[in-house]
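For reference, the structure is listed below as structure tokens.
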Amino acid sequence: MRIGVFDSGLGGLTVFRALRNALPTADLLYLGDTARTPYGSKGEHTILRYSRECADFLCSRSIDALVIACNTSSAIAIEELKKDLPLPVFGTIDAAVGESMRGENASIGIIATHATIAKGAYQRSIAQKLPRVEVIAKACPLFVPLVENGILSGPVLEATLDLYLAELREKRLSTLILGCTHYPFLRPAFERYFHGEVRLIDCADAVAREVAGALTQEPWTNKAVTGRSEFYVTDEPSRFDYLARVFFEQEQPQAVQVEELATHRPCGI
Ligand code: DGL
């Protein structure tokens, strides 16, 4: 089984790591669109086009399933990709909301990119599943560039935490959904900021469980596979490799740079 995973940059590695743990023998192909990150501050049309190009690149490498390891792309593009691609497509949003339903919820906060919050996909999913719960959604666009630049502590991060989260801390939330796959890199900082009093939800394990549950039913799980990991990026790979190695304990990514995403042949065409 070969699974394609994409994100605008490093964030999807949090999902990749959970997938590797859940499916140790699957081949996993990761694409980080580092030349065009962040997605979350861009318009819907652009995010849709970028997401299609990432999917097409991975499909051109004979994957059996696609995991959108990016909440922004999941919010904007999942319906289109499910419609267009002849393979199972998984996203992050329902997985994260499902995970948040496992505990007590008086009020749920969602932090995510501008595009994810504006699209309202989290708000709708929670309203459907937990209609009585109060929901507070907050766009936090500066967290992604901080993670992409390896700034996981220090005064700039502290000021950014105050800028976005002071209001949420006052609300005394029961649960906070980390609605961007970059945010788990900042988990220790969030824990500290909320004094460990808020349950933090990230979608990585929930997505991996969903993918493993769905795909182990399929016949292609018997295909000979090696448990290989391949990493691709659209910009110069050294920063990605460095930060990815800091993040992973076992994987030692050596990403290959892909020049032109737009030229790859779409799935099945
Ligand atoms: N990690 C992504 C997400 O989950 C993308 C963030 C961005 O590129 O702005 O939303």
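Structure summary
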item	result
Taking segment 128-251 and dividing mean pair separation by its residue count, relative contact order in percent (alpha carbons under 8 Å, at least six apart)	20 percent
Selected from 44, 99, 134 as most flexible by GNM, with the chain as the system and alpha-carbon contacts under 10 Å	134
Alpha carbon convex hull of segment 94-203, volume per residue in cubic angstrom	88 Å³
Cβ-based charge dipole, the chain, positive-most Cα from 74, 153, 4	74
Approximate spin-label separation residue 241-residue 257, in nm, with each point projected 7 Å along Cα-to-Cβ	1.1 nm
Rounded, prolate or oblate (a/c below 1.5 giving rounded, otherwise prolate when a/b exceeds b/c) for segment 136-261 by Cα gyration tensor	oblate
Neighbour-count order for 182, 114, fewest beta carbons within 10 angstrom listed first	114, 182
Alpha carbon centroid spacing (whole Å) that separates segment 65-106 from segment 179-213	15 Å
Ranked 101, 1, criterion: other C-beta atoms within 10 Å, fewest first	101, 1
Anisotropy class of segment 2-64 from Cα gyration tensor, a/c 1.5 cut	oblate
Taking 59, 203, 70 and counting other C-beta atoms within 10 Å, the order from fewest to most	59, 203, 70
Rg(Cα) / (2.2 N^0.38 Å) computed for the chain, rounded to two decimals	0.96
Estimated inter-spin distance, residue 104 and residue 158, nm [label 7 Å along Cα→Cβ]	3.2 nm
Cβ-placed point charges (K, R +1; D, E -1), dipole of the chain about Cα centre in debye, nearest 20	480 debye
Segment 112-195, dipole about Cα centre (Lys/Arg Cβ +1, Asp/Glu Cβ -1), debye to the nearest 20	420 debye
Segment 1-144 shape via C-alpha gyration tensor axes, a/c threshold 1.5	prolate
Straight-distance crosslink candidates among lysines, where the alpha carbon sits under 23 Å from residue 119 and sequence neighbours closer than 8 are dropped	42, 82, 83, 129, 138
Amide H partners (placed H, <5 Å) of residue 137, local residues excluded	110
Of 105, 143, 180, farthest towards positive along the dipole that unit charges on Lys, Arg, Asp, Glu beta carbons give segment 94-203	105
Spin-label model distance (nm) - residue 128 vs residue 25, 7 Å beyond Cα toward Cβ	3.4 nm
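Bear in mind that the values in this text are calculations on the coordinates, not laboratory data. If you're wondering where the values come from, they're calculated on a predicted model, not measured in any experiment. Here the Cβ is made from the backbone with ideal geometry for all residues, glycine too, and neighbour counts use every protein chain on show.
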